[in-house]
Amino acid sequence: MAKSKRAKPRETAPRPGQGGRLDVRCIFRLYVAGRTPRYEAARLHLKQLCKEHFAGNYSIEMVDLLEHPERARTDNVIAIPMLERVSPEPVVRIIGDLSDKQSVLGALGVSMMTTVSSERLNNEEVRRGQRHP
């Protein structure tokens with residue numbers, strides 16, 4: 001009797017790699033309205049998160065709605081600042097200054113526990129002399 005081939009389920013969210021970092025290229029879009037303190041906070045939080053969790057495997061498009069007001073309608077922006085992860089799918093939208101790191105990472109599908117566990121393991125290996133920083 002012939003076995004039927006089952007299609008593998010398609011992954012729709014990025015999966016963390018070593019150290020809680022994602023192994024896929026992420027494309028982010030940050031919508032703002034002028035250079036306000038909330039804009040600066042969101043920009044800095046996003047850059048820090050990307051640096052820590054996406055290992056240079058990301059790009060960020062900044063969209064200032066004061067300079068490009070038509071984008072608010074065409075991109076269906078509902079509030080600002082708003083972060084949109086365009087790729088990989090599914091598209092994820094997060095509103096606010098991105099200061100709640102755990103919530104932002106959770107929405108993006110990145111586990112804080114994976115990052116903490118890997119960092120702890122790496123630190124233990126370094127202390128034992130098994131790994132060089």
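None of the figures in this text is laboratory data; all of them are computed from the coordinates on show. Fair warning: this is a prediction, and the values are worked out from it, not measured in the lab.
Multiply the residue gap between ARG71 and GLN102 by 0.36 nm, knock off their C-alpha separation, and tell me the result in nm, one decimal place. Provide the component values of the computation, followed by the final result.
Details: separation 31, 0.36 × 31 = 11.16 nm, distance 2.88 nm.
Going from the current span to full extension adds 8.3 nm.
Provide the gained length on full extension for the span GLU89 to MET62, in nm with one decimal, where the gain is 0.36 nm per separating residue minus the Cα-Cα distance. List each step's numbers first, then the result.
Values: separation 27, 0.36 × 27 = 9.72 nm, distance 1.93 nm.
Stretched out fully, the GLU89 to MET62 stretch lengthens by 7.8 nm.
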